[in-house]
1. Beyond 28 Å, what percent of the Cα pairs of the range 3-156 remain?
2. Just rank HIS254, HIS87, HIS261, fewest to most, by other beta-carbon atoms within 10 angstrom.
3. For all pairs of alpha-carbon atoms in the range 73-204, what percent lies in each bin of width 5 Å, listed from the first bin to the last filled one?
4. Excluding same-chain residues fewer than 8 positions from LYS264, which lysines have a Cα within less than 18 Å of its Cα?
5. Provide the packing ranking of 69-81, 266-278, 358-370, i.e. peptides ordered by the mean count of other C-beta atoms within 10 Å per residue, highest first.
6. Within the range 146-170, name every residue whose backbone N is under 18 Å away from a label modeled 7 Å from Cα of THR178 along the Cβ vector.
7. What does the charge count near GLU106 come to, summing +1 for each Lys or Arg and -1 for each Asp or Glu among other residues with Cβ under 13 Å from its Cβ?
8. Please work out the C-alpha center-to-center distance from the range 67-93 to the range 175-221 and express it in whole Å.
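Just so it is clear, none of the values below were taken in a lab; they were calculated from the coordinates. All figures in this text were calculated on a predicted structure; none of them were measured in a lab. When we count neighbours, we look across all protein chains shown, and the Cβ atoms used for this are built from the backbone with ideal geometry, even at glycine.
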Amino acid sequence: MDIANTTTAPARLYALVLKLRPVERGTIMPFSGELVQGAWLDWIRAAAPEVAAMLHDGSKRRLFTCSSLQFPLPEPRMRQMERDNTHLPLDPEKTYTVRVTLLLGELFALFYDSIMRFNMTVFGSKEQPFMHVGKQSLLLEQVIADPKDSAGWSGFTSFADLVEQAKTWKPGDPEPLTLEFASLTTFNRINPINKIYGNYYARLPLPQYVFPGLARRWQEIAPPELAAFVCKEQIEQYIQDEGMVIEDYHLQSHRVSFVDHPQKGFTGSCKYHLRGPDYATTPEMPLTVPGRGQATGRGQASPLLGTSTTPEMSLAAPGREAPGRGQTTGRGQASPLLDTATTPQAPLTVRQQVRLLAGLAFYTGVGYKTAMGMGQVRMV
């Protein structure tokens, strides 16, 4: 696959798996995400100091993620090593992997050009280390970007492609959505109204922890013309109205050790049900969740949205709104009046937005410290 041709594509996202081989024998801590982040920034700093400074700016959200160094070990043994913080041996005869995602298309062009220069530098000479993770020097064996790679952790897409995929997705009722949380995940939370008890780490993938954060991330990094395709407030309302519920899960509490502190969280998988119906949209009420005067799952009106109407709803008596398909009438029955159509101004239903965000999560990760190996996630 010629991944060089993707460098000119606008607003792309990349998930790259680097195959690395140690120069010599040594040991390293089992969860090394913090060290890998430092090694990655050091590598970029050598290639483009101004870019490294921008990426390391603590006042900005990270435009990349890094995994911990991955070992060719069975998952249960690796999890136990992480819990016990047992340092693992590195063997020059074996290869190890690091996953890096790039959330700014220009970073891939920088990475590709730097790799080409690096290859030319070492060609015909003694092998030079590609990066230094902690005290260990590692050679670059291969870069994998193929979405069809059997491991399932590499690929590339664009924000526009994510939108188009979401548009063509036709969910059932309910529609299952399963996420695998492959590395330690947690959510740094605080009550925004009353902060008397301070922050805490939420160690369950509740919908209200996962998807509003992804919606905020989309709005931060998507091109301006696509940012409005996702509305964080309306996704929050959909979750509050219990449109999204946990159907099944296989989760384990977990802990790892950073260089100077332990960190608790969880790993595993969680199956969500995205419940319908999808409500009709209008330019004034652009995403499909119940509006004011429309019945919610608890039989009460949702206060978030205004009283905008569609042309079909204009037949209602003044001061009243005709219910749409799946909206409760005065007799407690669903009215078939409105379809689930979208408009040019609002091309995605709320469930399509959730599906879009699940695709985004493959690149951005979820939760706390995604640039240091935490929150690696994918749909399964």
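1. Percent of Cα pairs beyond 28 Å in the range 3-156: 20.
2. Fewest-to-most ranking of HIS254, HIS87, HIS261: HIS261, HIS87, HIS254.
3. 2, 6, 9, 13, 15, 15, 14, 12, 8, 4, 2, 1, 0
4. LYS369
5. 358-370, 266-278, 69-81
6. Answer for this model: 151-153.
7. Details: positive: ARG12; negative: GLU50, ASP113.
Every neighbour counted, the sum reads -1.
8. If we compute the Cα centre of each part, the gap is 27 Å.
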